[in-house]
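Novice: Below: one structure in structure tokens.
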Amino acid sequence: MTDEKPAIEELTHAQAAAELPALVAGIEAANTAYHTLDAPEISDADYDALKNRLRAIEARFPDLARPDSPTQKVGGAVAEGFGKITHAVPMLSLENGFTDDDIRDFDGRVRNYLGLGPEAPLTYTAEPKIDGLSLALLYEKGVLIQAATRGDGEVGENVTENARTIKDIPQRLENAPDVLEVRGEVYMSHADFEALNARQEAAGEKTFANPRNAAAGSLRQLDARITAARSLHFFAYAWGAHSEPVAETQSAAMERFRALGFTVNPLTVLCDGPEAMLAHYRAIEAQRATLGYDIDGVVYKVNDLALQRRLGYRSTTPRWAIAHKFPAQTAWTRLEKIEIQVGRTGALSPVARLTPVTVGGVVVSNATLHNEDYIAGRNSFGEEIRGGKDIREGDWVQVYRAGDVIPKVADVDLSRRPEGAARYVFPEICPECGSPAIREEGDAVRRCTGGLICPAQAIEKLRHFVSRGAFDIEGLGAKQIEAFYRDGWIREPADIFALEERYGSGLRQLKNRDGWGEKSAQNLFDAIRERRRIPLDRLIFALGIRHCGEAAAKDVAQHYGRWEAMAEALDRARPAALAQRAADAAEEAERATAQAEGRRARITEARNAAIAALDVPDDATTAWADLVATDGIGPVLALSLSDAFANPEERLAIDRLVAQLTILPPPAKAASGAIAGKTLVFTGTLEKMTRAEAKARAEALGAKVAGSVSAKTDLVIAGPGAGSKAAKAAELGIEVIDEDAWLALAQGT
DNA sequence: CAGCCTCGAGTTCC
DNA sequence: CTCGAGGCTG
């Protein structure tokens, strides 16, 4: 079909421009026909010819190449290939359990939360945990309109076209609700995996380490035709958005999925308690090798959906489910060397360099050794781990991947320990800068004291500054930061914003060195300029102050509202912060003798004396108390913040940075709903829900739940048998309601 | 004051 | 993903 077309070399620009649209349309039509109708309209050879011609034209006239051209979707380097999809209902992960007792504890927690006794009937489903990748399929009026990967749980990738090629995924559902999002696992069978690898090898292509990687790689193909050729499968096991209730129990929901045309795992059963769950676990474990696909455990879920709803969710996992994982695969290898890495906070982290070995289908050559004690064979309480065996260079060690991800050392074979292998001596000098590395009392890690003098710390801090939750500057990743640091172009965050002015012309001329050119330099400067406007919480997080992560930064930003208010308050509170530290030191010094004499009061006396000696102004005490009383901020974080702002060098660097920025205040908390922002106290017996449940419900509605009634309390919910708290509420003139009124409030909003 | 929950920090491999 | 530690609750 390309016969009459002029050869590429003879094509004029105008001719090429005229031919392109039809070419692109032809390829796209073929794509659609291939995987939506399962009936290719043209032969593979013709398809390839079309694509080759398009590629050739684009190569000769690059200005004609469109960013959405089909040639951009072949085997390309990824990422931008897929659109992002925000999950209407987040795709959470599951809590993991490993031992029988973990599962019994889970059952206990569920019962406790629901207010059920140990003998009350409670049914769970138990199903194999498929080792694949989760996928969310959105159906509207019974038609599949979107498929998204899990991603980080909030935002996934749009792989709709690829999902359409999977036979187990129905394109249409009969008698389905208007909106139904079915979730499940995409996986590849052992047989298909072996066959695929054989084909890959024969074609000289790279093979996959395990079925899960093969499934993931296949689903994330930019060319859906490749996905179609990979025979993937799908088990449905959960749901997200839905316009009407799916069912009343988990098992009925699975039955309904089956009726709708999905495949549901046949090894799903109902269990009437933890012992039955454990029995099923062992039964599945026994069949594991003969299933024909990989599983990595068994998932238990509370069957009754009304109970699931009551149990609700913690921050990242549901309370009504747990994954009982099989023991991780292990392998023995030689530990060649122990190396020390220095992190952002100066922490010295030992890493094992291993003779590469395959563990569960993945080649592992490094493993974390955590800290000094872990190498020595002890945990933080001084108890023995690995039977007290220490780890030495040259040892044969058994490694596994914790949570199937992080390689760790499980055991040491002492019989194979080389002659003369010495106990590992942990360095007390930073290997990067030579400063003393100190281990504070009661701390598990040893830290370099070099601060920003230490290049490792400086670089790690800068990396943190540009990381995802912080300034997130596109084009300025870890590698670039390190290069700029070594060049001396970026030594502190403020330098990033001076980069264009100081080195712009130089960078533009760095043709092809480190991949820089005029265009990429311009992109970087644009990205940096975009970030000159930054939300306050991101700025605080980016500063990399110890103990101040993303969540704490949000709390601090919310508390102060404006940067100036924060800086001013921290400056004012400084004397009180110093007093706090002095008091802590005095307490530490006094503790041993006070305990010997059995006089706890002496500790308080010592603290007070230390504070009194410093003569702290009242406004400092007020500012400090205000900070420490903030939700989520305790003395440790508060001191850390105070130290960062009081350190002259650090403060100057912060001020230089802030001078370059426009800081956006945190959004005012949406005070919607009757109890949002209110402080509640529950007292007496609640009959319709447990305390924990009531608390979770209140917090979900934006309220705070306190334990005792004070002037700050807004509302008291009193059940039967309420005593002093209700009386105190009456005394303070605080509104008191009963459980039914509370339920109305909780449900109404 | 002890136990729970959440957050912070560090780490590996694709 | 996991461990340790900080902060809050009962």
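The values are calculated or read from the model by the stated rules, or taken from the named source; none is laboratory data. Source: prediction; values computed, not measured. Quick reminder, even Gly has a Cβ in these numbers, built from the backbone with ideal geometry, and neighbours come from all protein chains shown.
Novice: Within segment A:369-401, take every residue that is assigned to a loop (DSSP other than H, G, I, E, B) and among the β-branched types (Val, Ile, Thr) and give me the one that is farthest from DNA strand C (Cβ to nearest atom).
Specialist: Of all residues in segment A:369-401, those assigned to a loop (DSSP other than H, G, I, E, B) come to A:369-371, A:377, A:379-383, A:385, A:389-395.
Narrowing the set further to residues that are among the β-branched types (Val, Ile, Thr) leaves A:385, A:391.
On the way: A:Ile385: 9, A:Ile391: 15 Å.
Result: A:Ile391.
Novice: Could you check segment A:402-441 and list, in sequence order, the residues that are among the β-branched types (Val, Ile, Thr), within 15 Å of DNA strand B (Cβ to nearest atom) and either in a loop (DSSP other than H, G, I, E, B) or assigned by TED's automatic domain parsing to the domain that holds A:Lys337 (or both)?
Specialist: A:Val405, A:Ile406, A:Val409
Rundown of residues vs (1) crowded, with 18+ Cβ neighbours inside 10 Å; (2) in contact (Cβ under 8 Å) with a residue 24 or more places away in the chain, yes/no style:
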{"residue": "A:Val89", "(1), (2)": "no, yes"}
{"residue": "A:Asp101", "(1), (2)": "no, no"}
{"residue": "A:Leu114", "(1), (2)": "yes, yes"}
{"residue": "A:Leu122", "(1), (2)": "yes, yes"}
{"residue": "A:Gly132", "(1), (2)": "yes, yes"}
{"residue": "A:Glu140", "(1), (2)": "no, yes"}
{"residue": "A:Val143", "(1), (2)": "no, yes"}
{"residue": "A:Gln146", "(1), (2)": "no, yes"}
{"residue": "A:Val155", "(1), (2)": "no, yes"}
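Novice: Go through (1) within 16 Å of DNA strand B (Cβ to nearest atom); (2) surrounded by fewer than 20 Cβ atoms within 10 Å (Cβ to Cβ) for A:Ala498 and report which single condition fails.
Specialist: (1)
Novice: Does any residue of segment A:545-552 turn out to be part of a helix (DSSP H, G or I), acidic (Asp, Glu) and within 16 Å of DNA strand B (Cβ to nearest atom)?
Specialist: We begin by selecting, within segment A:545-552, every residue part of a helix (DSSP H, G or I); these are A:550-552.
Within this subset, residues satisfying the condition of being acidic (Asp, Glu) are A:550.
From the residues that got through so far, the ones that are within 16 Å of DNA strand B (Cβ to nearest atom) too are A:550.
Yes, segment A:545-552 contains at least one residue that is part of a helix (DSSP H, G or I), acidic (Asp, Glu) and within 16 Å of DNA strand B (Cβ to nearest atom).
Rundown of residues vs (1) without any contact (Cβ under 8 Å) to a residue 24 or more places away in the chain; (2) assigned to a loop (DSSP other than H, G, I, E, B); (3) not assigned by TED's automatic domain parsing to the domain that holds A:Ala542, yes/no style:
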{"site": "A:Ala583", "(1), (2), (3)": "no, no, no"}
{"site": "A:Ala589", "(1), (2), (3)": "yes, no, no"}
{"site": "A:Arg599", "(1), (2), (3)": "yes, yes, no"}
{"site": "A:Thr630", "(1), (2), (3)": "no, yes, no"}
{"site": "A:Ser640", "(1), (2), (3)": "no, no, no"}
{"site": "A:Leu652", "(1), (2), (3)": "yes, no, no"}
{"site": "A:Gln660", "(1), (2), (3)": "no, yes, no"}
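Novice: Condition check: under 14 Å from A:Ala215 (Cβ atoms) and either assigned by TED's automatic domain parsing to the domain that holds A:Ala241 or part of a strand (DSSP E or B) (or both). Does A:Leu122 satisfy that?
Specialist: no
Novice: Just need a number here: residues in segment A:231-253 that are in a strand (DSSP E or B), out of contact with any Lys or Arg (no Cβ under 9 Å at 6 or more places or on another chain) and under 12 Å from A:Leu180 (Cα atoms). Before you say what the answer is, go through the steps one by one.
Specialist: First, pick out the residues of segment A:231-253 that are in a strand (DSSP E or B): A:233-242, A:249.
Filter once more, keeping what is out of contact with any Lys or Arg (no Cβ under 9 Å at 6 or more places or on another chain): A:235, A:241-242, A:249.
This time we only want the ones that are under 12 Å from A:Leu180 (Cα atoms), so: A:241-242.
Matching residues across segment A:231-253 total 2.
Novice: Is there any pair linking a residue in segment A:313-329 that is closer than 13 Å to A:Tyr281 by Cα to one that is hydroxyl-bearing (Ser, Thr, Tyr) and more than 13 Å from DNA strand C (Cβ to nearest atom), with Cβ under 7 Å and at least six apart or on different chains, and which?
Specialist: Going by the 7 Å Cβ cut-off, the qualifying pairs are A:Ile322/A:Tyr300; A:His324/A:Tyr281; A:His324/A:Tyr300.
Novice: Can you name the residue in segment A:342-380 that is on the phi > 0 side of the Ramachandran plot and more than 8 Å from DNA strand B (Cβ to nearest atom) and is also surrounded by the most Cβ atoms within 10 Å (Cβ to Cβ) among such residues? So that I can check it myself, show each step before the final result.
Specialist: Initial filter on segment A:342-380 (on the phi > 0 side of the Ramachandran plot): A:346, A:360-361, A:370, A:377.
Next cut, more than 8 Å from DNA strand B (Cβ to nearest atom) only: A:360-361, A:377.
Values: A:Gly360: 18, A:Gly361: 16, A:Gly377: 16.
If we take residues in segment A:342-380 being on the phi > 0 side of the Ramachandran plot and more than 8 Å from DNA strand B (Cβ to nearest atom), then A:Gly360 is surrounded by the most Cβ atoms within 10 Å (Cβ to Cβ).
Novice: Report, by residue number, each residue of segment A:642-663 that is surrounded by 15 or more Cβ atoms within 10 Å (Cβ to Cβ), within 19 Å of A:Phe471 (Cβ to Cβ) and either within 16 Å of DNA strand C (Cβ to nearest atom) or hydrophobic (A, V, I, L, M, F, W, C) (or both).
Specialist: Those that are surrounded by 15 or more Cβ atoms within 10 Å (Cβ to Cβ), within 19 Å of A:Phe471 (Cβ to Cβ) and either within 16 Å of DNA strand C (Cβ to nearest atom) or hydrophobic (A, V, I, L, M, F, W, C) (or both): A:Ala644, A:Ala653, A:Ile654, A:Leu657, A:Val658, A:Leu661, A:Ile663.
Novice: Anything in segment A:247-266 that is surrounded by fewer than 18 Cβ atoms within 10 Å (Cβ to Cβ) and touching a Pro at 6+ places or on another chain (Cβ under 8 Å)? List them, or say none.
Specialist: A:Gly261
Novice: Can you tell me which residue in segment A:345-368 is nearest to A:Phe541 (Cα to Cα), limited to those that are outside any strand (DSSP E or B) and within 15 Å of DNA strand C (Cβ to nearest atom)? So that I can check it myself, show each step before the final result.
Specialist: In the first step, residues of segment A:345-368 are kept if they are outside any strand (DSSP E or B); the result is A:345-346, A:360-361.
Right, trim to within 15 Å of DNA strand C (Cβ to nearest atom) and you get A:345-346, A:360.
Values: A:Thr345: 14, A:Gly346: 17, A:Gly360: 37 Å.
So the residue we want is A:Thr345.
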